[in-house]
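Engineer: Quick one: the structure is below, questions incoming.
The values are calculated or read from the model by the stated rules, or taken from the named source; none is laboratory data. Values in this document were obtained by computation on a predicted structure and should not be read as measured data. Note that we place each Cβ from the backbone using ideal geometry, even for glycine, and neighbour counts take in every protein chain shown.
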Amino acid sequence: MAVEYTFSRVEASCVCKSGDPDEGKVCEVVVGMTATEGDHSAYIDTTVLLTGDARKAAGDLDLSAICNGVATDNDWKASLAAQISSLADAPAQYTGVLTAPSVS
């Protein structure tokens, strides 16, 4: 089964300081990615700070470029795949019933 990746978190914060020339523009975006394979999943996120011309109204942001850029720059797919692989290799807890022996 192949690992499936999704951007599961995209949250923007705007400049709220009255009189600031960037007032109402997005100054940072929290980007999170989830990877799933079978019963295993892994998550990673970060905050992308926007400066200069990158600060825009929320509707004008190129979210594809922001999200895919941070994922590529930080090699998230490899990191998440490694996390899932380590989860798959970890022993599963026994869910049956064990009867403790008498103390000798």
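Engineer: Scan 45, 22 and give me the residue that is surrounded by 12 or more Cβ atoms within 10 Å (Cβ to Cβ) and either in contact with a strand residue (DSSP E or B) (Cβ under 8 Å, 6 or more places away or on another chain) or closer than 20 Å to residue 76 by Cα (or both).
Structural biologist: Numbers: 22 fails: either in contact with a strand residue (DSSP E or B) (Cβ under 8 Å, 6 or more places away or on another chain) or closer than 20 Å to residue 76 by Cα (or both).
Going through 45, 22 in turn, the sole match is 45.
Engineer: Look at segment 29-43 and say how many of its residues are more than 10 Å from the chain's Cα centre (by Cα) and either free of Cβ contacts under 8 Å to residues at least 24 places away in the same chain or assigned to a strand (DSSP E or B) (or both). Before you say what the answer is, go through the steps one by one.
Structural biologist: Start the filter on segment 29-43 by keeping residues that are more than 10 Å from the chain's Cα centre (by Cα), which leaves 29, 36-41.
Still in the list and also either free of Cβ contacts under 8 Å to residues at least 24 places away in the same chain or assigned to a strand (DSSP E or B) (or both): 29, 36-37, 39-41.
Summing the residues that are more than 10 Å from the chain's Cα centre (by Cα) and either free of Cβ contacts under 8 Å to residues at least 24 places away in the same chain or assigned to a strand (DSSP E or B) (or both) in segment 29-43 gives 6.
Engineer: State all residues of segment 48-84 that are surrounded by 10 or more Cβ atoms within 10 Å (Cβ to Cβ) and more than 17 Å from the chain's Cα centre (by Cα); if no residue qualifies, say none.
Structural biologist: The answer is 50, 54, 55, 56, 57, 58, 61, 62.
Engineer: A further question on this structure: Is it the case that some residue within segment 44-51 is of a type in the set (S, T, N, Q) and part of a strand (DSSP E or B)?
Structural biologist: Residues of segment 44-51 that are of a type in the set (S, T, N, Q), as a first pass: 46-47, 51.
Narrowing the set further to residues that are part of a strand (DSSP E or B) leaves 46-47.
Looking for residues that are of a type in the set (S, T, N, Q) and part of a strand (DSSP E or B), one finds at least one in segment 44-51, hence yes.
Engineer: Give the residues of segment 1-19 that are in contact with a strand residue (DSSP E or B) (Cβ under 9 Å, 6 or more places away or on another chain), farther than 19 Å from residue 83 by Cβ and not in a strand (DSSP E or B), sorted by residue number. Talk me through it step by step, then tell me what you get.
Structural biologist: Initially, segment 1-19 is screened for residues in contact with a strand residue (DSSP E or B) (Cβ under 9 Å, 6 or more places away or on another chain), giving 1-15.
Narrowing further to those that are farther than 19 Å from residue 83 by Cβ: 10-15.
If the condition is that a residue be in contact with a strand residue (DSSP E or B) (Cβ under 9 Å, 6 or more places away or on another chain), farther than 19 Å from residue 83 by Cβ and not in a strand (DSSP E or B), then 15 is the only one that fits.
Engineer: Scan segment 1-28 and report the pairs whose first residue is under 30 Å from residue 40 (Cα atoms) and modelled with pLDDT of 80 or more and whose second residue is among the hydroxyl-bearing types (Ser, Thr, Tyr) and buried (at least 16 other Cβ atoms within 10 Å of the Cβ), with Cβ atoms within less than 6 Å and a gap of 6+ or a chain change.
Structural biologist: 4/36; 6/34; 8/34
Engineer: Now, a different point. Identify, by number, the condition in (1) part of a strand (DSSP E or B); (2) modelled with pLDDT of 95 or more that residue 64 doesn't meet.
Structural biologist: Only one criterion in (1) part of a strand (DSSP E or B); (2) modelled with pLDDT of 95 or more is unmet by residue 64, namely (1).
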